[in-house]
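Presented below is the structure to which this report refers.
Values in this text are rule-based calculations from the coordinates and carry no lab data. Treat the numbers as computed from the prediction; the structure is a model and nothing was measured. Because the Cβ atoms are built from the backbone with ideal geometry, glycine has one as well, and the counts that use them run over all protein chains shown.
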Amino acid sequence: MPDSIGQSVVPEISAKGITISDVEKDFILKSILSEIKKVVTAQQFDIWFSCLKVHAITDNSITFVTPNDFIKEWLSGNYTDLFSGAVYKVLNTLREVVFSTENEICGQAFANFSTDIPLSPGEGLFDEPYSASPNKYYSFGNFVVGSCNRLAHAAAVAVSESPGYAYNPLFIHGMSGLGKTHLLHAINNVLLSRRTLKTVYISCERFVNHYISTIRSNNWDAFRRLYRNVDVLLIDDIHFFENSQGCREEFFHTFNALYNARKQIVITSDCPPESINSLEDRLVSRFKWGLLCGIDKPAVETRIAIIEKKALLWGINLSYEAALYLAENVPDSIRELEGAIARLSKESKITKNSITLEMVRKVSREISGSKKVVNIEAVLKVVSGRFNVSVSELQSKCRARSLTLPRQIAMYLSRRLTNMSLVEIGGYIGGRDHSTVIHADEKITKLARKDKNLLFILQKLENELLK
Ligand code: ADP
Ligand code: MG
């Protein structure tokens, strides 16, 4: 790092960090990264550091933008000291190092946003929030393929190879933490690296926020220009549309404009189109025009392969026994598995010991112990809302057929998500005994194996309760 940087840049930094130009921020970032490059491997650099940007520099702190929560947690858990040292070298003063995600920074921008300023990308508020900078961590190369995600992966690769011509739209659904966002970014990365097509990656939540702020600013031209003039629109977590009818209407027109112009649309959701509450038939049917594919929970072998891949990528030494134990005991989402590996790595760094099976056991116990416990009233409430029956009907002794399935679902969910015993659940739901609860649980489990629609309903209710 040349000495001149500390002198030429630092004196201009004000407490609010507003006198730093983008060029200067870029220069400071490059200098900090070149310090970091000296002490990490090329692979680590590629995954964790190459995607960073500097958001703000004040007298006391420097804020780096990360593309997602995971990278933020990982960097703050493992590399804060390294950053502090590099920042000190470059800026000649100690500053607190803060990591913040793109979403958090945009969220603040939305929150601070006054109604009379037109909100649209390219108008100063965001630099490139809608196509998200290439996120090398989420590449096809880092994605482990198994029977749970083979079709979704193959379709995503095909779309990245010939957008608009392979499957259009491509609709990928699956529970949270199973790799949908990873695949969207992987497509985006391939396209961004070719630099020939205009792509927009956006989470549905941000699309909804943008829609709401456009209602205030009335800048529909900019809104429509942004989404309708792209070659590829990648929209994540479309189930967020559930509560916004106006936004669904706007998206319907965006969809038609893009589809008719043979532009590629890729959509993800936590359930298939027909299970998204209040999604109009016309959107449901459009989402099915192309290819619909689901991602399931990975089997143990795939989970082991994922753990081993992550350990390799992150430079962590994990024995096969440890990987097997994690794969068998952290079964829900890959996000949780990653969290477990990250905790193990942190712990072994602090204690300077290698990762033992005992540590693995402890971390997986902590993860299952920290799961949210749901109360039975909440279970009855979501089931009553979903099936349009009242809570008191669910708790009654009435044996009407319209009540049997919802009641059994309530028992099934209570057994999984609450701390109550079989006797307590049976007693609460209509004064039944424990064998009725076991029967309900077995019946719903069997039905869900055969009936995908029921499975999605269960997953959705469970997600809602665990939110
Ligand atoms: P979703 O969008 O479905 O909620 P994400 O794509 O955010 O899930 O995945 C959660 C985490 O798990 C990410 O860090 C991702 O890299 C990782 N992950 C998911 N599936 C795989 C896979 N098949 N191979 C490697 N990593 C995966
Ligand atoms: Mg996601």
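Key figures
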{"item": "FRET efficiency estimate (nearest 0.05) - Cβ-Cβ, Glu280 to Arg216, R0 25 angstrom", "result": "0.50"}
{"item": "Taking the convex hull of Cα positions in the range 54-106, its mean projected area over all directions (nm²)", "result": "3.4 nm²"}
{"item": "Antiparallel DSSP beta bridges within the chain, percent to nearest 5", "result": "15 percent"}
{"item": "Whole-number D in µm² s⁻¹ for the chain, Kirkwood Cα-pair radius fed into Stokes-Einstein, 4 °C, 1.567 mPa s", "result": "52 µm²/s"}
{"item": "Equivalent ellipsoid dimensions for the range 376-466 as semi-axes, Å, which come from the Cα gyration tensor, largest first", "result": "17, 14, 14"}
{"item": "Note, ³J(HN,Hα) from phi for the range 56-62, Karplus 6.51, -1.76, 1.60, rounded to Hz, x at Gly and Pro", "result": "8, 10, 10, 4, 10, 9, 9"}
{"item": "Percent RCO, i.e. relative contact order, over the chain, from Cα pairs under 8 Å lying at least 6 residues apart", "result": "12 percent"}
{"item": "Percent of C-alpha pairs per 10 Å bin, the range 113-294, short to long", "result": "10, 40, 37, 13, 1, 0"}
{"item": "Net length gained if the chain between Lys38 and His439 were fully extended (0.36 nm per residue, minus Cα distance)", "result": "138.2 nm"}
{"item": "Centre separation in Å (Cα based) which lies between the range 401-467 and the range 140-208", "result": "34 Å"}
{"item": "Listed peptides 457-465, 186-194, 397-405 by packing density, highest first (mean Cβ within 10 Å)", "result": "186-194, 457-465, 397-405"}
{"item": "Neighbourhood charge, 15 Å Cβ-Cβ cut-off, centred on Gln264 and excluding it, Lys, Arg +1 and Asp, Glu -1", "result": "+3"}
{"item": "Under the Debye formula (equal points on every Cα, no solvent term), log10 I(q)/I(0) of the range 304-418 at q = 0.09, 0.11, 0.13, 0.23 Å⁻¹", "result": "-0.41, -0.53, -0.62, -1.15"}
{"item": "Mean residue ellipticity (222 nm) of the chain, computed from DSSP H runs ≥ 4 via -39,500 (n - 2.57), nearest 500", "result": "-17000 deg cm²/dmol"}
{"item": "Pairwise label distance in nanometres, Ser193 with Arg386, each label 7 Å out on the Cα-Cβ vector", "result": "4.0 nm"}
{"item": "Spin-label model distance (nm) - Glu161 vs Asn256, 7 Å beyond Cα toward Cβ", "result": "3.4 nm"}
{"item": "Distance from the range 216-282 to the range 284-305 (C-alpha centre basis), Å", "result": "20 Å"}
{"item": "Of the DSSP H helices in the chain, those whose Cα atoms cover at least 24 Å axially and whose Kyte score averages -0.5 or more", "result": "334-351, 401-417"}
